[in-house]
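Single-structure report; data block below.
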Amino acid sequence: MPSFPIPAGVSLRRGAAKGWRGFVWMLKIILPVSLLTFLLDFFGCLAHLDGLLEPLMGAIHLPAMAALPLLVGLLTGIYGGIAAMTVLPFTVQQMTLMAVFLLIAHSLIQEGLVQHHSGCPMWMATANRLAAAVLTVFAIGWLLGPETARETAGMSPAATKIAFWPALQTWGADMAELCLKMLLIIVVLMMGMELAKQYRLIEKVVRLIKPFLGLLGLDRQVGMLWLTAAFLGITYGGALIVEEVREGKLPSDRLKTLHVSIGINHAMLEDPAVFIPLGIHPFWLWVPRLVVAVMFAHTYRLWLWLRARRRMLTGNAISAGSLKP
């Protein structure tokens with residue numbers, strides 16, 4: 001039977017529906033986490049953690065209270081981290097550092113399991129992302145200035161001058177504004193994704209980027225897999241990688257190199273875009289983790305080459321020794 005192209009309007013409606021479902025799912029995370037963070041901060045619970053966490057956070061140019069959004073993001077995902085960030089009095093520079101950290105290292109358990117089942121041990125995937133996040137934030141913090149951790153954005157909601165109910169109303173108004181912005185961003189992105197699928201733009205882009213995969217530290221065989229994970233996320237990319245693993249098409253070393261790259265740099269459209277309403281410059285949301293992903297992929301390939309060469313030299317030495325009279 002002849003196949004007829006799907007009208008663009010159908011794809012747009014489908015994308016809008018997916019965007020709405022994704023937004024509702026996001027609200028189930030962001031609202032409870034944000035409210036809990038507001039309550040903890042208002043009643044002074046977070047202040048007790050300053051002495052314990054200040055050295056650790058200070059090492060990456062952040063104040064002690066930044067530990068909560070980072071921990072929430074590591075366990076629940078980017079939206080949970082954003083929910084905690086928006087309640088506390090951070091400067092734009094501090095939110096920039098936290099955004100870069102969370103873009104690289106978030107949902108470590110969920111996405112670590114996806115990577116584990118698609119060819120990369122969970123410990124390796126997690127260690128890779130944490131190391132990349134810490135090193136990247138340390139470098140950016142050094143560029144922004146060591147005083148970043150000591151800056152404050154103003155009074156915390158916990159201040160006694162502000163009564164509970166007015167503070168709660170302010171929190172509600174701020175969250176409503178943020179959620180509306182995120183709804184618009186997510187729906188537009190999902191509509192764009194559906195149009196890209198309809199017109200097979202992803203396959204066309206893969207053909208265009210294949211010559212540049214070497215610059216990314218990747219093999220040409222993984223072009224489609226990298227593009228899927230880079231634009232749609234580890235979960236979607238992992239599903240495709242699992243199928244490739246089952247068919248035995250990719251050597252283990254190339255597969256792990258791919259995971260090193262996409263673990264650091266994935267979901268390049270949706271994840272960075274949700275931080276834009278916080279006033280963070282787009283440069284920091286897109287460029288650093290792409291650069292770090294390239295560096296880590298090339299470093300891992302170099303390590304593989306050195307390990308293979310050492311084994312070869314060791315094998316030659318053993319063979320030469322066995323041939324001696």
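So what's the convex hull volume per residue for the Cα atoms of the stretch 158-231, in Å³?
Each residue corresponds to 132 Å³ of Cα convex hull volume.
Among the helices of the chain, those built from whole DSSP H runs whose Cα atoms reach 30 Å or more along their own axis and whose mean Kyte-Doolittle hydropathy is at least 0.0 are 8-42, 122-144, 164-198, 282-323.
Residues in the stretch 107-122, backbone N under 13 Å from the label point at R307 (7 Å along the Cα-to-beta-carbon vector): list them, ranges by number please. Hits in the stretch 107-122 for R307 at 13 Å: 120-121. Per the Cα gyration tensor, the stretch 177-294 maps to an equivalent ellipsoid with semi-axes of 27, 17, 13 Å, ordered largest to smallest.
If I compute solvent accessible area with a 1.4 Å probe over the protein chains, what percent of it on the chain is carbon and sulfur?
On the way: 11950 of 17050 Å².
Taking all protein chains in place, the chain shows 70 percent carbon and sulfur surface.
Local charge for L75 was computed over the other residues whose Cβ lies under 14 Å away, with Lys and Arg +1 and Asp and Glu -1, and equals 0. Here the translational diffusion coefficient of the chain follows from Stokes-Einstein with Rh set to the Kirkwood radius across Cα pairs; for 20 °C and 1.002 mPa s it amounts to 99 µm²/s.
Mind giving me the FRET efficiency for T299 and V92? R0 is 45 Å, r the Cβ-Cβ distance, nearest 0.05 is fine.
0.90
The mean sequence distance of close C-alpha pairs (under 8 Å, at least 6 residues apart), as a share of the length of the stretch 97-137, puts its relative contact order at 57 percent. Count Lys and Arg as plus one, Asp and Glu as minus one, and take only other residues whose Cβ is under 9 Å from that of M191; the net charge is then +2.
Near the amide H of L250, within less than 5 Å, lie no amide hydrogens of residues on another chain or at least 5 residues away, with H placed in the peptide plane. Solvent-accessible area per residue in the chain equals 52 Å², computed with a 1.4 angstrom probe and all protein chains kept.
Across all C-alpha atoms in the stretch 208-268, the radius of gyration and Dmax reach 10.4, 28 Å.
Could you tally the net charge around R207, taking each other residue with its Cβ under 15 Å from the Cβ of R207, Lys/Arg +1 and Asp/Glu -1?
+3
Sorting the segments 30-43, 176-189 by their mean number of nearby beta carbons within 10 angstrom, highest to lowest, gives 30-43, 176-189. Gyration tensor analysis over the Cα atoms of the stretch 32-143 returns equivalent ellipsoid semi-axes of 24, 17, 12 Å (largest first, whole Å). Listed peptides 301-310, 257-266, 81-90 appear in the order 257-266, 81-90, 301-310 once ranked by packing, highest mean of other Cβ atoms within 10 Å at the front. Toward the positive end of the charge dipole of the chain, with +1 on the Cβ of Lys and Arg and -1 on the Cβ of Asp and Glu, the farthest Cα among L103, A297, L184 is that of A297.
For the chain, what does the relative contact order come out to in percent, with C-alpha contacts under 8 Å and a separation of six or more? Spell out each step's value before the answer.
Numbers: 394 pairs, mean separation 74.2, N = 325.
Computed over the chain, the figure is 23 percent.
Placing dummy labels 7 Å off each Cα toward the beta-carbon, the span from K249 to L75 is 3.9 nm.
Net charge dipole, the stretch 171-221: roughly 420 debye, given to the nearest 20, about the Cα centre with Cβ charges of +1 for Lys and Arg and -1 for Asp and Glu.
The values are calculated or read from the model by the stated rules, or taken from the named source; none is laboratory data. On a predicted model such as this, the values are computed, not experimentally measured, just so you know. Note: ideal-geometry Cβ built from the backbone for every residue, glycine included; neighbour counts use all protein chains shown. Accessible surface areas use protein heavy atoms only, side chains included; no ligands, DNA or RNA. Shrake-Rupley method; radii C 1.70, N 1.55, O 1.52, S 1.80 Å.
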